[in-house]
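Contents: one structure, followed by commentary.
The values are calculated or read from the model by the stated rules, or taken from the named source; none is laboratory data. These numbers were taken from a predicted model, which means no experiment stands behind them. Cβ sites come from the backbone with ideal geometry, for glycine too, and all protein chains shown count toward neighbours.
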Amino acid sequence: MQKVFELDHPLVQHHLTHLRNKETSPHIFRAQIRRLAVLLATEATRDLPLRTKTIETPLTEMEGSVLDLRIGLVPILRAGLGMTDAILDLLPTAEVWHLGFYRDEETLQPVEYYRKFSSNPPDLVFVLDPMLATGGSAAAGIRMVKDWGAKEIRMLSIIAAPEGVAHVRAAHPDVNLYICKIDEGLNDSAYILPGLGDAGDRIFNTVPPERSERGSASAEQ
Ligand code: PRP
Ligand code: URA
């Protein structure tokens with residue numbers, strides 16, 4: 001039975017506020033995404049299985065514990081890339097496989113443009129995408145990881161809309177969701193409110209000047 005974990009931690013609230021602020025420059029935005037990704041991954045790895053490993057410290061032999069399964073990270077391009085390196089620092093032996101989707105702005109349906117999977121899937125896959133809006137991209141990404149053959153899948157998102165959570169829950173009742181904050185809902189263009197705008201554009205600084213509300217001063221921060 002699926003569970004939805006919404007993080008309840010003062011550090012999450014603090015870093016989310018800076019992430020959402022439209023005055024936050026791209027390089028601070030990327031740093032905030034990484035910090036929140038670490039907090040999410042800490043929660044999403046709380047129950048991972050361990051095996052005993054005998055080691056010697058400089059003083060004595062001891063029985064330590066190490067992770068006991070193959071883990072894969074699947075960032076959904078582009079914005080999921082912003083979370084990947086930070087989580088790899090926590091899970092340095094994880095494999096990284098990629099899925100590329102963009103959301104068609106007319107139909108709001110995810111359109112696949114890239115998939116790089118091996119013939120031998122990891123045991124546990126963390127699907128990474130900071131934004132879960134309608135849930136279309138996450139549900140499609142999880143579908144592909146299931147078809148690939150991963151035994152267990154967990155979805156990690158920084159901000160979600162209730163509509164997106166409901167969509168993924170209905171499509172994939174076996175996949176746990178880890179979310180920093182479930183926001184109020186979607187606007188008429190299916191952007192999350194209050195949200196943070198377009199995560200991919202803010203990570204990669206690809207907001208065309210005529211659409212940017214951030215101004216040149218904040219871009220120089
Ligand atoms: C964003 C986001 C998700 C998707 C969420 O990607 O990173 O992948 O939208 O929307 P949904 O839940 O309604 O599917 P986008 O399509 O903007 O692509 P990008 O990451 O390349 O900017
Ligand atoms: N994608 C984003 O990057 N932000 C939203 O609010 C919705 C979809």
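Output yes when any residue across the range 89-99 is in contact (Cβ under 8 Å) with a residue 60 or more places away in the chain, of a type outside the set (F, W, Y) and out of contact with any Cys (no Cβ under 8 Å at 6 or more places or on another chain), and no when none is. Looking through the range 89-99, none of the residues is in contact (Cβ under 8 Å) with a residue 60 or more places away in the chain, of a type outside the set (F, W, Y) and out of contact with any Cys (no Cβ under 8 Å at 6 or more places or on another chain). For residues that are surrounded by fewer than 24 Cβ atoms within 10 Å (Cβ to Cβ) and within 6 Å of ligand 1 (Cβ to nearest atom), scanning just the range 123-138, find the one that is nearest to V74 (Cα to Cα). Top of the filtered list is G136. Cβ-Cβ contacts under 9 Å between residues 6 or more apart (or on different chains), taken from a first residue in the range 159-172 that is farther than 16 Å from Q109 by Cα and free of Cβ contacts under 8 Å to residues at least 40 places away in the same chain to a second residue that is away from ligand 2 (no atom under 15 Å from the Cβ) and not in a helix (DSSP H, G or I), are listed as A160/V4; A160/E6; A160/L177.
Test H172 against the stated conditions and say whether it is near ligand 1 (Cβ under 10 Å from one of its atoms), at pLDDT 95 or above and surrounded by 17 or more Cβ atoms within 10 Å (Cβ to Cβ).
On the way: near ligand 1 (Cβ under 10 Å from one of its atoms): no; at pLDDT 95 or above: yes; surrounded by 17 or more Cβ atoms within 10 Å (Cβ to Cβ): yes.
In short, no.
List the pairs whose first member sits in the range 121-136 and is in contact (Cβ under 8 Å) with a residue 12 or more places away in the chain, whose second member is surrounded by fewer than 22 Cβ atoms within 10 Å (Cβ to Cβ) and of a type in the set (D, E), and whose Cβ atoms are under 9 Å apart, counting only residues at least 6 apart or on separate chains? Taking only residues 6 or more apart or on different chains, the pairs are P122/E95; D123/E152; L124/E152; V125/E152; M131/D198; A133/E163; T134/E163; G135/E163. Inside the range 65-88, residues that are surrounded by 12 or more Cβ atoms within 10 Å (Cβ to Cβ) and either charged (D, E, K, R) or over 14 Å from the mean Cα position of the chain (by Cα) (or both) make up a count of 7.
For every residue, the table says whether it meets (1) crowded, with 16+ Cβ neighbours inside 10 Å; (2) out of contact with any Ser or Thr (no Cβ under 8 Å at 6 or more places or on another chain).
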position: L90; (1), (2): no, no
position: T93; (1), (2): no, yes
position: F101; (1), (2): yes, no
position: K116; (1), (2): no, yes
position: P121; (1), (2): yes, yes
position: G149; (1), (2): no, yes
position: E152; (1), (2): no, yes
position: I158; (1), (2): yes, yes
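Pairing each residue of the range 16-38 that is over 20 Å from L90 (Cα atoms) and without any contact (Cβ under 8 Å) to a residue 40 or more places away in the chain with any residue that is among the acidic types (D, E) and assigned to a loop (DSSP other than H, G, I, E, B), provided the two are 6+ apart or on different chains, yields no C-beta distance under 8 Å. Residues in the range 198-210 that are more than 10 Å from ligand 1 (Cβ to nearest atom) and surrounded by 11 or more Cβ atoms within 10 Å (Cβ to Cβ) were compared, and the one that is modelled with the highest pLDDT is N205.
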